[in-house]
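Remarks on the structure that follows.
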Amino acid sequence: LAGGIGVFVYVTQKDRHPGTQLPYDPAKKTIVILGSGWGATSLLKTLDTSEYNVVIISPKNYFLFTPLLPSVAVGTLSPKAILQPTRYLARHKARAVTVIEAEAKEIDPFNKTVTFEDDTEIKGEVSHTTIPYDYLVHAVGAEVQTFGIPGVQEKACFMKELADAEIMQRRFKDCIESAAFPGQDDTEIDRLLHIVIVGGGPTGIEVSGEIHDFLEDDLKAWYPELAGRIRISLVEALPSVLPMFSKQLIEYTESTFKESKIDILTKTMVKEVKDKSVVLQMPDKSIKEVPCGMVVWAGGNKGRKITQDLMAKYPSVQTNRRGLSVDDHLRLAGADGSIFAIGDCTSTSYAPTAQVASQQGAYLARVFAQMAKKTTLEEKLNQMEGSIPTVTNAEAKDRLSSEIEATKKSIANIKFRPFYYSHQGSLAYIGSDKAIADLPFANGNIASAGVATFLFWRSAYLSTLFSLRNRTLVANDWIITKIFGRDLSR
Ligand code: FAD
Ligand code: NAD
C-alpha cells in the first residue's frame, strides 16, 4: 500500500513540474483568451499550444465549477473543492501559456489589441497595459440580470461567483444567530428566518433545495427552537418554475418543494428589495411587502460591460440585446474573422449553459488545430512553388509537381465544419437527496426524478469535474458532511 501511495505521490508531483515547455515564439500567431470559465477552460484543455502562443486573461486565476456552487453556499462543499487554478491546466501544455490575472477593459478589433487592468488588491507600478493579438477568444460569461429593480444590486445576495456563495452563507448564518439573540421578539425572529429566493430557473431551485437540506440535516439539531420557524419562499414571475424541464419534472419539483415546506409563488414579480423586506407584485397585480431576513437573487443573465462595448463597435450587426451574435463557426458577426465568442456572452439558439460553453471551447480548439495545419501546408506549398524555377532535373521537377498537387489536395481537404451542439440532457438538484433529469433518448426525452437520479446527478458532476484533485476534494467533502454535518462557524 505504501508503495502504491508513493507511486501516486510521485506521479502527481512529477506532473506538477513539466520537464520542458516550448517558449514564446514570435513566429507563431498569438491567441488571447478572455475568461477562465467553462468555455475558456474547455478550449485551453483541448488546444494544441505547440502551434500558437497563448495568453489567458481573467480576473479570476481559476476555473469555477458552477453546478456545485449552491453546495458551497450552505457549506456542504468547501470552496477549494470546486476551483481549479488555471495555471494547473496550463502546466500540461506543449508551449508555456501566459496566465494573467486581470480584467479586460477594452478590445480594439481594428488594431487587434486588448487593454487590461490588474485586478488584485495590491498593485505594482504597472497595473494597466495593452497587448496585441492575432486571434481573440471572447469567453467572459455574463453577469446577473437585475433589470434595474431598486435595491437588488445593493441588498440581495447573488449566486454566480464564488464570493456570492460565501456572502450568502455568511448572511444566512447571521440571520440565524440574530434570531437566536436573547430577547429577540417573535415578529423579528420570523422576519430574520424568512429566506426569499427570486427566480424559478435552475439556480433558484438548486439554492432553495440546498438551504432546505441545511435546515433539515443540521439546523434542526443545532437550533431546535428556531429551525421549525425558518421559511423559504421561491418567487417566480412566470406561471411555472423550470420552464426548460418537461411538465412532469416541473410537477415533481413543485410537489417535492411542497413536502419540503418551500413556498413557490408563481406569477409573482419582485418590484423592490428593501433592508428588511421584499416588495412583491402578486398575481392579481396587488402590491405586498413581505418581511424577510435575506433575499437571494437568481434572476438570469445579462451581458458584461466589455461585451456591450464590443457590440457597440459593430452597431449595425450586433443588435441582439441578449449578447454577441456569432456565425455558425463562432466568429463574431461583423468582425474580420479574428474574433471568436463562446459561452454565456453570446446570443445563440442554445440556452446559456456550461454544456454549450464547454462544447464550444472544445470545438474552437479543433478549429485552431485545423487553421495551424492549413498555415503549415500553405507555407510548404509557397516554398515548393518558389523552388520550381531552380529545379532543372526533369525527374525532380515531376516529383516536386506531384508533391505540390498532393499538398494542394490536403489543403482543399481541410474543411471547417460549423459548430454542432450535442445536448446531453438537463440535470438539477432539488433538495432532500432528490434530483431531476431530462435526458435525450432516441427521438425523445426520458424524464427521471428522485433519489436514484440524485445519485446519477452526483456521479455525473463528479466525473465532469476537470481534475482528479477536484474529484477527490468533492467526494471527501460529501463524506465529511454526511458523517459530521456542515460547519456552522463563521
Ligand atoms: P463563465 O463560466 O461564467 O466564465 C466567464 C469567465 O470570464 C470567468 O472566468 C470570469 O472571471 C471571466 N471574466 C469576467 N469578466 C472578464 C473580463 N472583463 N476580462 C476577462 N475575463 C473576464 N450549466 C449547466 O450546463 N449545468 C449546470 O448544472 C449548471 N449549473 C449552474 C449553477 C449555477 C449556480 C450557475 C450560476 C450557473 C450554472 N450553469 C450550469 C450555467 C453555467 O455556469 C454557465 O452557462 C457557464 O459558466 C458559461 O460559461 P462561460 O465560459 O461562458 O462563462
Ligand atoms: P434563468 O434565466 O434560467 O431564470 C431566472 C428566472 O428569474 C426566470 O424564470 C425569470 O422569470 C425570473 N425572474 C426574473 N426577474 C424576476 C422578478 N423580478 N421577479 C420574479 N422572478 C423573476 O436563470 P438561472 O436560473 O440563473 O440560469 C441561468 C442559466 O444557467 C440558464 O441557462 C440555466 O439553464 C443555466 N443553469 C443550469 C443549471 C442546471 O442545469 N442544473 C443550474 C443553474 C443554471
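Some notes on this structure:
- Inter-part distance where the stretch 172-232 and the stretch 91-164 are each reduced to a Cα centre, Å: 35
- Electrostatic dipole magnitude of the stretch 254-328 [Cβ: Lys, Arg +1; Asp, Glu -1; Cα centre; debye, to 20]: 240
- Whole-number D in µm²/s for the stretch 424-489 (Stokes-Einstein; Kirkwood sum over Cα pairs; 37 °C, 0.692 mPa s): 247
- A full extension of the chain between residue 48 and residue 487 corresponds to an added length of 153.8 nm, given 0.36 nm per residue minus the alpha carbon distance.
- Considering only 361, 49, 83, the residue lying farthest towards the positive end of the dipole of the chain is 49, judged by Cα position with unit charges set on Cβ.
- Proximal lysines to residue 155, defined as alpha-carbon separation beneath 19 angstrom and excluding residues fewer than eight positions away on the same chain: 173, 271, 274, 276, 288, 302
- Placing unit charges on each Cβ (+1 for Lys and Arg, -1 for Asp and Glu) gives the chain a dipole about its Cα centre, and among 256, 414, 156 the Cα reaching farthest toward its positive end belongs to 414.
- Longest site-free stretch - the chain; sites: GluC sites (Glu not before Pro), DSSP loop, at most 15 other Cβ within 10 Å: 126-490
- Trypsin sites (Lys or Arg not before Pro) restricted to the stretch 121-222 and DSSP loop, no more than 16 other C-beta within 10 Å: 123
- Spin-label zone in the stretch 455-490 - amide nitrogen under 17 Å from a point set 7 Å from the Cα of residue 174 along the C-beta vector: 489-490
- Axial C-alpha extent at least 24 Å, average Kyte-Doolittle at least 1.6 - helices from the chain (DSSP): none
- Pairwise label distance in nanometres, residue 391 with residue 409, each label 7 Å out on the Cα-Cβ vector: 1.6
- Estimated FRET transfer efficiency (residue 317, residue 225; beta-carbon r; R0 56 Å; 0.05): 0.35
The numbers here are math on the coordinates, done by the rules we state, and not lab data. Keep in mind the model is a prediction, meaning the values are calculated, not measured. Glycine also receives a Cβ, built like all others from the backbone with ideal geometry; neighbour counts cover every protein chain displayed.
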